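Q: Below you'll find the structure I mean.
The values are calculated or read from the model by the stated rules, or taken from the named source; none is laboratory data. Here the structure is a predicted model, which means the values were calculated and not measured. A quick note on method: Cβ atoms are made from the backbone with ideal geometry, for glycine too, and the neighbour counts reach across all protein chains shown. Areas reflect the complete protein model, heavy atoms only, side chains present, ligands, DNA and RNA absent. Shrake-Rupley method; radii C 1.70, N 1.55, O 1.52, S 1.80 Å.
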Amino acid sequence: MTTLKLAISESQIQECVGRLAQLIQVDYQDQPLLVVGALNGSFVFLADLIRRMNLPIQVDFIRLSSYDESEKSSGTVRLHHGVRTSVAGKNVLVVEDIVDTGLTAQFIRGYFEDQGAATVRICSLLDKPVRRRTSVTVDYVGFEVPDEFLVGYGLDYNQQYRELRALYSLEEEIDGS
Ligand code: PRP
């Protein structure tokens, strides 16, 4: 049986989102910003974050996969859809739900640098440094988390649970009956 155990509450998330939005706003000081969400996991966090920032922003999305479902963590990142907005000369803020190995974040950083972005920064709600396999810099981090499987607030298990307002750890219970 699968059970969900509360890991980070809705109010903790919202307080954190407000803090991150404030930091970003101070750093960019009214400069235009292209905010890019990495689909699918980032969409809830991005929606909340941009509504807490008072900056001139554009929004776009990028879709990647870090491994085929059959071969978990092959280390290969594939780009499925890039942004449609022009990037050259812009300040790009990449929004992620989680940085795990860092392979996806590293790939995205290179993708925008190659397109001539003026600056590229990464904002991730969650950071799992114990799993890191790259030295990618994550500029804004909401919560550092241990190596447990989290769902909710955009994060999924088999595409389920993304709609939950809080973050939960997913625990498999062995049914003794
Ligand atoms: C997750 C997450 C990041 C990536 C992080 O995406 O949203 O994009 O993995 O992992 P990494 O640091 O090891 O590269 P996932 O491929 O699970 O897709 P999803 O966002 O659609 O859930």
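Q: Say a site is exposed when it is one of the trypsin sites (Lys or Arg not before Pro), sits in a DSSP loop, and has at most 10 other Cβ atoms within 10 Å; what is then the longest site-free stretch of the chain?
A: Within the chain, the longest run free of exposed trypsin sites (Lys or Arg not before Pro) spans 85-177.
Q: Something else: Mind putting together the pair-distance distribution for segment 1-98? All Cα pairs, 5 Å bins, whole percent per bin, short to long.
A: Here the calculated profile for segment 1-98 is 2, 11, 19, 19, 17, 14, 11, 5, 2, 0, 0.
Q: Before anything else, pin down the relative contact order of the chain: Cα pairs under 8 Å, at least 6 apart, normalised by residue count, whole percent.
A: Dividing the mean separation by the residue count of the chain yields 26 percent.
Q: Okay, next question. Using a 1.4 angstrom probe on heavy atoms only, work out the carbon and sulfur share of the accessible area of segment 131-177 in %.
A: 43
Q: Can you tell me, using C-alpha contacts under 8 Å and at least 6 residues apart, the relative contact order of segment 105-155 as a whole percent?
A: That works out to 32 percent.
Q: If you take the square roots of the eigenvalues of the alpha-carbon gyration tensor of segment 23-177 and sort them as a ≥ b ≥ c, do you get rounded (a/c under 1.5), prolate (a/b over b/c) or oblate?
A: prolate
Q: What fraction of the Cα pairs in segment 89-162, stated in percent, has a spacing above 18 angstrom?
A: The answer is 42 percent, as a whole percent.
Q: For an R0 of 35 angstrom, estimate the FRET efficiency from the Cβ-Cβ distance between GLN25 and ASP147 and round to the nearest 0.05.
A: 0.65
Q: If you don't mind, there's one more thing I want to ask. Calculate, for the chain, the solvent-accessible area per residue in square angstrom, rolling a 1.4 angstrom probe over the heavy atoms of the protein chains.
A: 53
Q: Sort segment 7-55 into rounded, prolate or oblate with this rule: let a ≥ b ≥ c be the square roots of the eigenvalues of the Cα gyration tensor; rounded if a/c is under 1.5, and if a/c is not under 1.5, prolate when a/b is larger than b/c, oblate otherwise.
A: oblate
Q: For the chain, give me the percentage of DSSP beta bridges that are antiparallel, rounded to the nearest 5 percent.
A: Expressed as a percentage, antiparallel bridges in the chain total about 35.
Q: So, one more: Tell me the angle of helix 10-28 to the major Cα principal axis of the chain, expressed in degrees between 0 and 90 and rounded to the nearest ten.
A: Result, in degrees: 20.
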